[in-house]
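Novice: After the structure tokens below, expect a handful of questions from me.
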Amino acid sequence: MWMTRDLLTVEPDTSVTDAAALMAQHKIRRLPVTRRVADKVHLLGMLSATDLYRVYPADRNPFAAVSLGTAPLKVTAAEIMSRQVLTTASDTPVEDAAAVMRDKKIGALPVLRDERLIGLITESDIFRAFISMLKEDAGAPRITFTVSADEDVFELLVAAASRRKVRVLSLLSSRNDDQRVCVARISGPELDKVMEDLWGSGHQVLNVLR
């Protein structure tokens, strides 16, 4: 749902000069190194901006326009690419992919299906997914309130929506420090009454953005 599908890739024998030019032209920081076998694209490794900086002389910026006109380095993508690449599957929940990227301190994960490269999930894709979850109908008020550890937040808001003239547009439950919180976008004329209901039922309304 969130991965980048139209990938730029390079072959293992692509020169690092050509790879740097491709990164600079498309303003990207990494390139999958692949080989096509029949109708499948197989991932061999990943080439990053950091890899290029390591192989270029200290006084040459591989992405600067002036460096692209100089004599190319006789180094290929296969020689400097990362071969031990963490990957994910197309049906992996986006939050699981995000957790791997956070824990391993990496900016992207190639997405495989049946050992075939089909996409790349990046930090930007994760941000896009997160924003989409929270920004549904951005004009609607956004309420953040506390809930207990074992509480059914969905049941709580369904009851509020049926009792008051409101619609729940989006809902996200998470944990902040040791406190479980819920963030919901709610629209309707009786929003203030919903907040009164929350306070009256023992929930603390932490924030309201109208």
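Novice: Does the stretch 44-60 include one or more residues that are under 24 Å from the mean Cα position of the chain (by Cα), closer than 24 Å to MET1 by Cβ and loosely packed, with under 13 Cβ neighbours inside 10 Å?
Specialist: Within the stretch 44-60 (the criterion being under 24 Å from the mean Cα position of the chain (by Cα), closer than 24 Å to MET1 by Cβ and loosely packed, with under 13 Cβ neighbours inside 10 Å), the answer is no, since none of the residues qualifies.
Novice: Still on this structure: If I filter the stretch 148-161 for residues that are touching a residue at least 40 places away in the same chain (Cβ under 8 Å) and touching a Cys at 6+ places or on another chain (Cβ under 6 Å), do I get at least one hit?
Specialist: No: the stretch 148-161 contains no residue that is touching a residue at least 40 places away in the same chain (Cβ under 8 Å) and touching a Cys at 6+ places or on another chain (Cβ under 6 Å).
Novice: Could you look through the stretch 118-132, keep only residues that are farther than 15 Å from PRO32 by Cβ and among the polar types (S, T, N, Q), and pick out the one that is modelled with the lowest pLDDT?
Specialist: SER132
Novice: Being assigned by TED's automatic domain parsing to the domain that holds LEU112, modelled with pLDDT of 90 or more and surrounded by 14 or more Cβ atoms within 10 Å (Cβ to Cβ) narrows it down to one of LEU31, LEU8, so name that one.
Specialist: LEU31
Novice: What tally of residues in the stretch 113-150 results from selecting those that are farther than 20 Å from ARG29 by Cα and not small (Gly, Ala, Ser)?
Specialist: Matching residues across the stretch 113-150 total 19.
Novice: Now for a separate question. Given the condition in the same structural domain as GLY202 (by TED's automatic domain parsing), surrounded by 14 or more Cβ atoms within 10 Å (Cβ to Cβ) and hydroxyl-bearing (Ser, Thr, Tyr), answer yes or no: does some residue in the stretch 132-147 qualify?
Specialist: Yes: the stretch 132-147 contains one or more residues that are in the same structural domain as GLY202 (by TED's automatic domain parsing), surrounded by 14 or more Cβ atoms within 10 Å (Cβ to Cβ) and hydroxyl-bearing (Ser, Thr, Tyr).
Novice: Report, by residue number, each residue of the stretch 155-210 that is within 31 Å of the chain's Cα centre (by Cα) and charged (D, E, K, R).
Specialist: If the condition is that a residue be within 31 Å of the chain's Cα centre (by Cα) and charged (D, E, K, R), then GLU155, ARG167, ARG175, ASP177, ASP178, ARG180, ARG185, ARG210 are the ones that fit.
Novice: Looking at PHE63 and the list (1) over 24 Å from PHE127 (Cβ atoms); (2) modelled with pLDDT under 95, which single condition is not satisfied?
Specialist: With (1) over 24 Å from PHE127 (Cβ atoms); (2) modelled with pLDDT under 95 applied to PHE63, the lone miss is (1).
Novice: Now for a separate question. Please work out which residue is surrounded by the most Cβ atoms within 10 Å (Cβ to Cβ), limiting yourself to the stretch 34-43 and to residues that are more than 25 Å from the chain's Cα centre (by Cα) and aliphatic (A, V, I, L, M).
Specialist: VAL37
Novice: Return yes or no: is GLU123 acidic (Asp, Glu) and free of Cβ contacts under 8 Å to residues at least 60 places away in the same chain? Full working, then the answer.
Specialist: Values: acidic (Asp, Glu): yes; free of Cβ contacts under 8 Å to residues at least 60 places away in the same chain: yes.
Judged against the criteria, GLU123 is a match.
Novice: Output the residues belonging to the stretch 166-210 that are outside any strand (DSSP E or B) and modelled with pLDDT under 85. So that I can check it myself, show each step before the final result.
Specialist: Here is the first cut: in the stretch 166-210, the ones outside any strand (DSSP E or B) are 166, 177-178, 188-204, 210.
ASP177, ASP178, ARG210 - these are the residues of the stretch 166-210 that are outside any strand (DSSP E or B) and modelled with pLDDT under 85.
Novice: Looking only at the stretch 7-41, count every residue that is out of contact with any Asp or Glu (no Cβ under 8 Å at 6 or more places or on another chain) and part of a strand (DSSP E or B) and tell me the total.
Specialist: Count: 7.
Okay, residues lined up against (1) assigned to a strand (DSSP E or B); (2) under 30 Å from THR14 (Cα atoms); (3) touching a strand residue (DSSP E or B) at 6+ places or on another chain (Cβ under 7 Å):
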{"site": "GLN84", "(1), (2), (3)": "no, yes, no"}
{"site": "ASP103", "(1), (2), (3)": "no, no, no"}
{"site": "GLY119", "(1), (2), (3)": "yes, yes, yes"}
{"site": "ASP125", "(1), (2), (3)": "no, yes, yes"}
{"site": "ALA140", "(1), (2), (3)": "no, no, yes"}
{"site": "ILE143", "(1), (2), (3)": "yes, no, yes"}
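The values are calculated or read from the model by the stated rules, or taken from the named source; none is laboratory data. Values in this document were obtained by computation on a predicted structure and should not be read as measured data. Quick reminder, even Gly has a Cβ in these numbers, built from the backbone with ideal geometry, and neighbours come from all protein chains shown.
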